[in-house]
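The values are calculated or read from the model by the stated rules, or taken from the named source; none is laboratory data. The shown structure was predicted, so the numbers you read here are calculated from the model rather than taken from an experiment. Cβ sites come from the backbone with ideal geometry, for glycine too, and all protein chains shown count toward neighbours.
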Amino acid sequence: MKIKVCNGQCLLDIAIQVFGSVDAVERLAEDNGLSVDARLDNGAELVIDPALVTDERIRRLFKSKGLRPATEYAAEPPGPFTIEFNDIFFNSPIHSTD
């Protein structure tokens with residue numbers, strides 16, 4: 001069985017969604033040749049072993065509500081105010097303290 005990764009999902013998100021718990025995250029990573037903290041590409045397909053379901057109630061809840069947790073932390077802020085923008089803006093002569 002396979003699942004497609006949504007934008008911002010990490011392996012912990014996938015484990016909760018598919019297995020109802022993070023207990024199988026190490027096996028999920030191993031089955032897909034990834035490290036537990038691997039950054040996942042939007043649209044990537046992961047191999048899922050349904051035998052690893054730990055909490056069927058949680059799995060069913062996520063499935064029935066169409067919930068797909070996506071808790072990945074982006075190192076760079078979204079939108080126009082990137083780290084590069086802030087560096088240029090705050091180091092410009094306009095903001096000089098001289």
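Values computed for the structure shown
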{"quantity": "Hits in the stretch 1-40 (condition: over 12 Å from the mean Cα position of the chain (by Cα) and farther than 21 Å from R60 by Cα)", "calculated": "E26, A29, E30, D31, N32, G33, L34, S35"}
{"quantity": "Residues being free of Cβ contacts under 8 Å to residues at least 12 places away in the same chain and either part of a helix (DSSP H, G or I) or in contact with a strand residue (DSSP E or B) (Cβ under 7 Å, 6 or more places away or on another chain) (or both) - total across the stretch 1-43", "calculated": "2"}
{"quantity": "Residues of the stretch 57-69 that turn out to be part of a loop (DSSP other than H, G, I, E, B) and surrounded by fewer than 16 Cβ atoms within 10 Å (Cβ to Cβ), as a count", "calculated": "2"}
{"quantity": "Breaking point among (1) in a loop (DSSP other than H, G, I, E, B); (2) out of contact with any Gly (no Cβ under 6 Å at 6 or more places or on another chain), for T54", "calculated": "(2)"}
{"quantity": "Extreme residue, surrounded by the most Cβ atoms within 10 Å (Cβ to Cβ), among residues of the stretch 16-33 that are small (G, A, S) and modelled with pLDDT under 95", "calculated": "A24"}
